[in-house]
Amino acid sequence: ARTLALVGAFRVADARDLESRQTSDRWHGDLEHLRRERLIALTPHVLNGERTALVTLTRTGQALLEQHRHVPAGEAMQNYYSGLAKPREATHDAQLSRVYAAAAERLQANGGRVQRVVVDYELKREYQAFLQAPNRGRRDGGGRPQRGREEVARWAREPQLPMADDHVQFPDLRLECERPDGEREVHDVEVMTPHYRGAHAAAKVRAGFHRYSAVGARLTGSSGSAGSGRGRTGGLAEEMLS
């Protein structure tokens with residue numbers, strides 16, 4: 001159940017990260033069992049120069065999670081996904097579960113609790129809905145967003161998304177957390193890959209996201225400390241295991 005929840009939350013995961021929590025390899029351990037049950041799919045892939053497999057949920061696996069989910073009162077529902085939506089971004093997206101594990105470990109060490117994770121396309125989907133809202137039902141809108149800078153800035157404040165160069169900045173991953181004092185906060189993280197250059201990289205820095213630089217099969221945190229991301233993955237499956 002935890003493996004399914006982890007894969008479903010991030011849409012795709014590196015099989016090596018899941019194998020690190022098992023006692024055997026992908027072809028003989030839990031992953032192969034889940035594949036035989038048609039709950040996950042394994043796709044060969046080269047990630048950071050090393051051969052591995054991408055793990056995604058099947059529709060059956062997604063339905064199983066949805067059927068057995070339990071959301072504690074007052075908490076937002078975790079979204080789960082199946083299939084590989086953007087193959088070109090698979091290399092980047094496959095590192096998100098590793099980033100989550102490293103970030104969650106730090107938060108839990110300080111007494112925090114991760115309630116759910118939100119990936120960037122969920123935040124961007126909400127933003128696009130906001131931009132296009134004035135065009136709904138209109139035939140003369142042309143499909144172009146009808147929002148001014150101040151409107152965009154006001155919208156960004158509610159989900160606590162930063163602005164840089166008059167543009168809303170979206171993290172790769174958002175962790176919604178509960179602090180030890182019961183207050184809630186968001187922890188935004190970004191995977192900095194070699195293609196981050198110039199103004200794009202500068203905007204991510206100004207946004208104040210917690211940055212992790214991909215180095216081979218490891219991730220180095222922006223604070224200077226390193227994390228392999230192979231620790232416990234606190235909380236994602238709790239809503240469906242209670």
| task | Using a cut-off of under 12 Å, list every residue of region 31-68 whose amide N is near the label point 7 Å from the Cα of Gln108 along the Cα-to-beta-carbon line. | result | none
| Any idea how far apart Ala76 and Ser213 come out in nm if each label point goes 7 Å out from Cα toward Cβ? | 3.1
| Label-to-label distance, nm, for residues given as Gln67 and Arg38 (7 Å Cα→Cβ offset) | 1.2
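A short reminder: the numbers here are calculations on the coordinates, not readings from a lab. The model shown is predicted, which means the values in this text are computed figures rather than measured ones. Neighbour counts are summed over all protein chains in view; Cβ atoms, including those assigned to glycine, are modelled from backbone coordinates with ideal geometry.
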